[in-house]
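Let me begin by presenting the structure, written as structure tokens, before commenting on it.
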Amino acid sequence: MTIDVARDPRPVFRALRDSGRVQRMDGLSGPAVVATGRAAIDEIFKYPDVYSSAAHAGTLGNLRPLIPIEYDPPEQRKYRKLINPVFSPAAVERWKEPVTRLVHELIDGFIGAGEIDFAKQFSTPLPSQIFLTLLGLPLEDLPTFLRLKDGIVRPSLLLGLPPNHPDVKAHQRATAQEIYAYYDKVLDEREAERRDDLLSHLLDVEVDGEKLTRHELLDICFLFLTAGLDTVSASLETFMAYLAEHPERRAEVVASPDNIDNVIEELLRYESPVMLVSRFATTDTELAGCPVHKGEQVYVFIGAANLDEEELPDADQVRFDRPVNRHIAFGGGVHRCLGSHLARLELRIILREWHARIPHYRIKPGTRLSLSPGVRSLNSFPMVLGEGAE
């Protein structure tokens, strides 16, 4: 899990699959199991009672489990039942116009420039601005949200320290307290006066006849901030890096805007912006013939499974005309990404509007992109715009 691997993880994914689609290795905290085959990972997602997400509670500096991702069924179902309608395909359509507007506002700021930093000027601020709009929060809070997000999601990179360094965990805990305090203040304001936003909606919904407690609301909001911003940025950055390096494929996107959905699904599969997730075994078991012991961490390499030739014979090829695409870039099972429909809406609008206005671009010559491991995102993405970029 290094920057060099994150830049192009496919050779490592292949080597892992070739050496055994499930195998035992040393993890960050002791013996662990690494799953890279699609069939094995489907089994992991199918049995959350055996491969638990709940044991992750507190790993991001949070005081309580994040809702619903750090709960297992049956408790998890209660919260998903409450939140799912907010992020259904029909529900997220209401955000189409605000997202389109934000995309064009950002593009307007640099459309005449010959060179930009795509990460700093577009792919990082845009998902956060969409998130702020969704929650009814002021766009002036964007710098605060970006700082809080990085303090939770990538504190080791932020501090330049190893992931297990005590200062990294201390920084996460301090950032978590800031997040709780920020949302606590905003929820006080919404309690006094409702608005047409997601926070007001969550204050009024009921689960089995009961409203959410303040702690439950804070734990949902904490997850929104940590899970809803980085993954869309990472998707945009990996997609655009691929298209910038393959101008013939970019020309297909420009020429066929109605095929954007297929482009998104194929790049989600091929790039797998979220490289892996993890689970903890709740009992002794066996996975594809490999022993798994109670309490061990199981690393689920989504990116490797999406390229598994046993699942998809031409998995190493990028095809924008793929008739069936069963990728697991959003995970699977009961913990499949809650915001996948919103992410798809954002990506669809962004790719269509960007390529309508900026059909020609490339990575700045001499640049070697450095993607962060885990969630493959960029801190900097120098990009040259215009026909001269070809």
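No value in this document is a laboratory result; all are computed from the given coordinates. From a predicted model like this one, the values you see are computed outputs, not experimental measurements. A quick note on method: Cβ atoms are made from the backbone with ideal geometry, for glycine too, and the neighbour counts reach across all protein chains shown.
Values for this structure:
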| item | result |
| --- | --- |
| Label-point separation in nm, A170 to D42, each point 7 Å along Cα→Cβ | 4.8 |
| Whether the range 327-371 is rounded, prolate or oblate, judged on the alpha carbon gyration tensor where a/c under 1.5 counts as rounded | oblate |
| Under-5 Å amide H pairs with V292, H placed in peptide plane, nonlocal only | T285, E286, L287 |
| Amide proton proximity set for E115, modelled H, under 5 Å, gap of 5+ | L385 |
| Cα-based shape type of the range 1-126, given that a ≥ b ≥ c are square roots of the gyration tensor eigenvalues and the cut on a/c is 1.5 | oblate |
| Amide H partners (placed H, <5 Å) of S278, local residues excluded | V300 |
| Two-decimal log10 I(q)/I(0) for the chain, as the Debye equation yields it once each C-alpha is a single scatterer, q = 0.14 Å⁻¹ | -1.38 |
| 3J(HN,Hα) from dihedral phi, the range 287-304, Karplus parametrisation 6.51/-1.76/1.60, rounded to Hz, x for glycine, proline | 10, 6, x, 9, x, 10, 9, 3, x, 7, 7, 10, 8, 9, 7, 4, x, 5 |
| Calculated Rg and Dmax of the range 96-147 using C-alpha coordinates, Å | 11.3, 34 |
| Share of alpha-carbon pairs per 5 Å distance bin for the range 1-64, given as whole % | 4, 14, 15, 23, 22, 15, 6, 1, 0 |
| Count of lysine pairs in the chain with Cα separation under 21 Å (8 or more residues apart, or interchain) | 10 |
| Stretch gain in nm, segment F320-L139, where the contour uses 0.36 nm per residue and the Cα spacing is subtracted | 61.6 nm |
| Candidates L146, L378, L338, ranked by Gaussian network fluctuation over the chain, Cα under 10 Å, top entry | L146 |
| Vicinal HN-Hα couplings computed from phi for the range 210-224 (Karplus, 6.51 cos²θ - 1.76 cosθ + 1.60; Hz; Gly/Pro x) | 10, 6, 5, 6, 4, 4, 5, 4, 5, 6, 5, 5, 4, 5, 3 |
| Value of relative contact order over the chain, rounded to a whole percent, pairs C-alpha under 8 Å and six or more apart | 28 |
| Rounded to whole Å, sorted largest first: equivalent-ellipsoid semi-axes of the range 288-367, Cα gyration tensor | 32, 18, 15 |
| Geometric extent, Cα atoms of the range 180-248 - Rg, Dmax (angstrom) | 17.7, 55 |
